[in-house]
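Student: Here you go, one structure.
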Amino acid sequence: MKKALFIDRDGTLLAEPADEQIDALEKFAFVPGAISGMKALSGLGYELVMVSNQDGLGTPAFPEETFLPCQNLLLETLRGEGVVFDDILIDRSFPADEAPTRKPRTGLLTAYLDGRYDLGASFVIGDRDSDMQLAKNLGATGLQLGPLSWAQIVERVRRSARRVTLERKTRETDIRVSVDLDGIGDSRIETGLRFFDHMLDQLVHHGGIALQLRCQGDLDVDEHHSVEDTALVLGEALRQALGDKRGIGRYGFALPMDDCRALVLLDFGGRSELVWDVRFTREYVGDMPTELFRHFFQSLANAMQANLYVQARGGNNHHLAESIFKAFARSLRQAVARNVFSYELPSSKGLL
């Protein structure tokens, strides 16, 4: 689903003169941090929507020709920084009109209320209490300038943009996964297979992510469904948390562990492939069938839409499995790391 940032104009982007509207170029000035903040937000995969009340725009009290120069200068300045609004919605009523389109009412935003947008993952950014009430009315999160700086607003949005929660329930498994690629929050893993939990825990400690994962599966039948479905939901959560993949490392690691060595190559290129070169000599490690390790990574690669190359050698099967998961975690950490100063897409094709 799409996500949006609904952003107020006067007092949030443009510094607002005391008890006045911005109706002349000599009053034009940006709020400190607004330009750099908008530049940072424009690379996070949200649609940018300007939502503003402009009392009586187009009436003799406020002719449109006094508004347009300021509005055009605002848009041209931001466009020069690579920031382009997807939609501009301006209510022209006076407060006394109590129009359904005037903030904090949602009448101006009907196009965003038809189910195509994940409003729970969207934000309203503004400087007034009415902006925060608009957020509440939409079911979005409100971030108020004043109590928060522009830098703090960007950080709040940036953190949430790489956080995903998914649930999947079938007749065989009931799974809930929450992933935060920036490692914010507590982690807890419960699959009913203790060795599998131990392996997935490597993603937290070596991958730098936060992971809450609960799987209730039909272990009385077999371990297969729990392992496979966990991989599918986890992989889908990782894929969604990457968003449009702008600014990420994309590629990922080799490491030694005691008697073992593991090489895991990872590419979030949008295609799915697994190359597996590992030989276990035991049927089980703990309560985990060793044949399911390959199946886990195959299902994970499919769900992540990523290429995985896994090669490992060693004598101790516990160490062999653990070295693979650690190497994958390190690859993941390297591949999802994002350069906050550059939101370029890591692809010569311009598409991932």
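The values are calculated or read from the model by the stated rules, or taken from the named source; none is laboratory data. For clarity, every value in this text was computed on a predicted model and none was experimentally measured. Don't worry about glycine lacking a Cβ; one is built from the backbone with ideal geometry, like all the others, and counts go over all protein chains shown. Side chains included, ligands, DNA and RNA excluded: accessible areas come from the protein's heavy atoms. Shrake-Rupley method; radii C 1.70, N 1.55, O 1.52, S 1.80 Å.
Student: Let me spell it out: the conditions are (1) open to solvent by 40 Å² or more (accessible area, probe 1.4 Å); (2) closer than 18 Å to residue 37 by Cβ; (3) not aliphatic (A, V, I, L, M), and residue 123 meets all of them except one. Which number is the exception?
Tutor: Here residue 123 clears every test but (1).
Student: So which residues in the stretch 166-179 are in a loop (DSSP other than H, G, I, E, B) and open to solvent by 80 Å² or more (accessible area, probe 1.4 Å), if there are any at all? If you could, list the steps in order and put the result at the bottom.
Tutor: So in the stretch 166-179, the residues in a loop (DSSP other than H, G, I, E, B) come out as 170-172.
Within the stretch 166-179, just 171 meets the criteria.
Student: Additional query: Does residue 238 satisfy being farther than 30 Å from residue 52 by Cβ, in contact with a strand residue (DSSP E or B) (Cβ under 9 Å, 6 or more places away or on another chain), in a helix (DSSP H, G or I) and open to solvent by 50 Å² or more (accessible area, probe 1.4 Å)?
Tutor: no
Student: Hey, another quick one. Taking the residues in the stretch 241-257 that are closer than 23 Å to residue 292 by Cα and open to solvent by 50 Å² or more (accessible area, probe 1.4 Å) as candidates, determine which candidate is modelled with the highest pLDDT.
Tutor: Top of the filtered list is 256.
Student: Then there is this: For the stretch 63-116, how many residues are more than 25 Å from residue 31 (Cα to Cα), open to solvent by 50 Å² or more (accessible area, probe 1.4 Å) and over 28 Å from the mean Cα position of the chain (by Cα)?
Tutor: Going through the stretch 63-116 one residue at a time, the tally reaches 4.
Student: Given the residues 163, 158, which is the only one that is out of contact with any strand residue (DSSP E or B) (no Cβ under 7 Å at 6 or more places or on another chain), surrounded by fewer than 22 Cβ atoms within 10 Å (Cβ to Cβ), basic (Lys, Arg) and modelled with pLDDT under 95?
Tutor: Working: 163 fails: out of contact with any strand residue (DSSP E or B) (no Cβ under 7 Å at 6 or more places or on another chain).
Result of the check over 163, 158: 158.
Student: What number of residues in the stretch 265-293 are in a helix (DSSP H, G or I) and surrounded by fewer than 16 Cβ atoms within 10 Å (Cβ to Cβ)?
Tutor: Initially, the stretch 265-293 is screened for residues in a helix (DSSP H, G or I), giving 291-293.
Imposing the further condition that a residue be surrounded by fewer than 16 Cβ atoms within 10 Å (Cβ to Cβ) reduces the set to 291.
Residues that pass the stated criteria total 1.
Student: Counting just the residues of the stretch 1-25 that are at pLDDT 75 or above and among the charged types (D, E, K, R), which one comes out surrounded by the most Cβ atoms within 10 Å (Cβ to Cβ)?
Tutor: Among those that are at pLDDT 75 or above and among the charged types (D, E, K, R), it is 8.
Student: So which residues in the stretch 244-264 are closer than 22 Å to residue 303 by Cα, part of a strand (DSSP E or B) and not aromatic (Phe, Trp, Tyr)? It would help to see each step written out before you state the result.
Tutor: Just the residues of the stretch 244-264 that are closer than 22 Å to residue 303 by Cα, to begin with: 244-253, 263-264.
Narrowing further to those that are part of a strand (DSSP E or B): 248, 251, 263-264.
Hits for the stretch 244-264 are 248, 263, 264.
Student: For residue 351, only one of the following conditions fails: (1) surrounded by fewer than 17 Cβ atoms within 10 Å (Cβ to Cβ); (2) outside any helix (DSSP H, G or I); (3) at pLDDT 95 or above; (4) of a type outside the set (Gly, Ala, Ser). What is its number?
Tutor: (3)
Student: Report, by residue number, each residue of the stretch 56-109 that is under 19 Å from residue 132 (Cβ atoms), out of contact with any Pro (no Cβ under 6 Å at 6 or more places or on another chain) and assigned to a helix (DSSP H, G or I).
Tutor: 95, 108, 109
Student: Which residues, taken from the stretch 180-227, are part of a helix (DSSP H, G or I), open to solvent by less than 50 Å² (accessible area, probe 1.4 Å) and among the charged types (D, E, K, R)?
Tutor: Residue satisfying the conditions is 197 alone.
Student: Still on this structure, I have one more. What pairs come up if the first residue lies in the stretch 186-201 and is closer than 8 Å to residue 288 by Cβ, the second is among the aromatic types (Phe, Trp, Tyr) and open to solvent by less than 50 Å² (accessible area, probe 1.4 Å), and their beta carbons are under 9 Å apart, counting only those six or more places apart or on different chains?
Tutor: 196/296; 199/293; 199/296; 199/325
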